[in-house]
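Structure record follows, encoded as structure tokens.
The values are calculated or read from the model by the stated rules, or taken from the named source; none is laboratory data. Note that the structure is a prediction, hence the values are computed from the model and not measured. FYI the Cβ positions are ideal-geometry reconstructions off the backbone, even for glycines, and counts take in every protein chain you see. These accessible areas exclude ligands, DNA and RNA; they are computed on the full protein's heavy atoms, side chains included. Shrake-Rupley method; radii C 1.70, N 1.55, O 1.52, S 1.80 Å.
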Amino acid sequence: MKVLVTGSSGLIGSEAVEYYDNQGHTVFGVDNNMRATFFGPKGDTTWNLERLKQATQRFTHYAIDIRDRQRVFELFEQQRFDMIIHCAAQPSHDKARDIPLQDFEVNAVGTVNLLEATRQFCPEAIFIHMSTNKVYGDAPNEVPMVEQETRYDYSRGEDYNGIAEDCRIDRCLHSLFGASKTAADVMAQEYGRYFGLRTGIFRGGCLTGPSHSGVELHGFLNYLVKVALAGNTYTVFGYKGKQVRDNIHSYDVIQAFEAFRQNPRPGEVYNLGGGRENSVSILEAITKLEEITGHPIKWEYQDQNRIGDHICYISDLRKLSSHFPGWGITRSLDDILVELVESEMARHQLVTY
Ligand SMILES: NC(=O)c1ccc[n+]([C@@H]2O[C@H](COP(=O)([O-])OP(=O)(O)OC[C@H]3O[C@@H](n4cnc5c(N)ncnc54)[C@H](O)[C@@H]3O)[C@@H](O)[C@H]2O)c1
């Protein structure tokens, strides 16, 4: 296959590049390193691009901006892809408030550019759209919750498995990022339902893995590990540190894409996170990391939560699992944390924690 990965130097994109290259496919990556523009030098993804060039055999990188419709169309006209994995994005809800126009142009318009290029040049291709649980805005906060010692949790048994795809996506507070991603999510569905394109929409929980250029505004576990190992101070924003996220390793994300490729359902939407087993609150994550590293983590508390932030978000994975019974979580939360610590140490050539 000819596989196009957008956002190929990012967390999910780079995992997709490696996976499909490894499987013997020809992989094209589009990434203009805009993460460095969004987040400064700590968001720079050049290291990951260099790593990919070493680790792959059939990978070609293009520093194209997905907003540049003409260049995107030219690339599609030349290559006629079999699969498109769309991961390029402005990924932070806090950041979007400072750059609303750029955020919308990248997340919404950039996505439509890719969908339309697919329709015109390779309508048979599989199109994976990486969406987010922020399309639900703060609606998941309406689920009745109970405060426990170290986390918030759903209080009713019927909510135990988490938030399903029928949670509403409008009449709630999203952040501008959540709104631009909702526009993209709905367009990707529409190209599936209206035009019959083989689009699959995956609404991510907390996606994580060693290839993230983690920064304070994006990449929760990865950034926490960086702060812990550097001996810096981590800031917890509101909800007493009891807010819960479900974490999924980038490898398991790609396995869900591959399951969809083998059995596509045009326009279908799936929640994709770590589920209840891989859920953790910030307080719990700090404790777990202290156990792994053997060192206390410095953290401070700010009363004000992030606007529109989820209190407890666990992805209900039952739809994904029922459509693709072969798919499942293979990396536990503890596996993920140990791998993040080890890779961060290797990157900085640390010998002890
Ligand atoms: N990481 C998470 O926890 C998470 C959670 C839910 C959803 N998502 C979604 O998953 C997708 C991938 O996220 P990620 O964590 O890999 O993000 P990332 O920031 O690591 O990767 C995105 C990549 O896209 C590139 N990019 C940005 N704007 C671009 C543009 N205009 N043209 C070309 N390239 C551009 C960036 O340079 C970056 O390398 C995004 O759509 C994000 O919204 C991520």
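Numbers at a glance
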{"quantity": "Strands (runs of 3 or more DSSP E) wholly inside region 150-254 containing at least 1 residues that are among the basic types (Lys, Arg)", "calculated": "198-204, 244-249"}
{"quantity": "Positions within region 42-70 being more than 21 Å from Gly214 (Cβ to Cβ) and either assigned to a helix (DSSP H, G or I) or among the aromatic types (Phe, Trp, Tyr) (or both), in sequence order", "calculated": "Lys53, Gln54, Phe59, Tyr62, Arg69, Gln70"}
{"quantity": "Candidates Ala125, Ala96, Ala89, filtered to the one that is under 30 Å from Gln262 (Cα atoms) and in contact with an Asp or Glu (Cβ under 8 Å, 6 or more places away or on another chain)", "calculated": "Ala125"}
{"quantity": "Candidate set from region 127-172 (those that are among the small types (Gly, Ala, Ser) and open to solvent by less than 50 Å² (accessible area, probe 1.4 Å)); member that is nearest to Cys206 (Cα to Cα)", "calculated": "Ser131"}
{"quantity": "Lys95 vs. criteria closer than 29 Å to Gly308 by Cβ, near the ligand (Cβ under 9 Å from one of its atoms), basic (Lys, Arg) and open to solvent by 10 Å² or more (accessible area, probe 1.4 Å)", "calculated": "no"}
{"quantity": "Search result, residues across region 1-41 that are in a strand (DSSP E or B), more than 19 Å from Thr111 (Cβ to Cβ) and either within 13 Å of the ligand (Cβ to nearest atom) or in contact (Cβ under 8 Å) with a residue 60 or more places away in the chain (or both)", "calculated": "Lys2"}
{"quantity": "Residue under evaluation Arg119, criteria (1) open to solvent by less than 40 Å² (accessible area, probe 1.4 Å); (2) farther than 30 Å from Val227 by Cβ; (3) touching a residue at least 60 places away in the same chain (Cβ under 8 Å), criterion not met", "calculated": "(1)"}
{"quantity": "Residues of region 167-224 classified as under 17 Å from Ala16 (Cβ atoms) and away from the ligand (no atom under 13 Å from the Cβ), total", "calculated": "3"}
{"quantity": "Number of positions in region 1-47 that are basic (Lys, Arg) and in contact with an Asp or Glu (Cβ under 8 Å, 6 or more places away or on another chain)", "calculated": "2"}
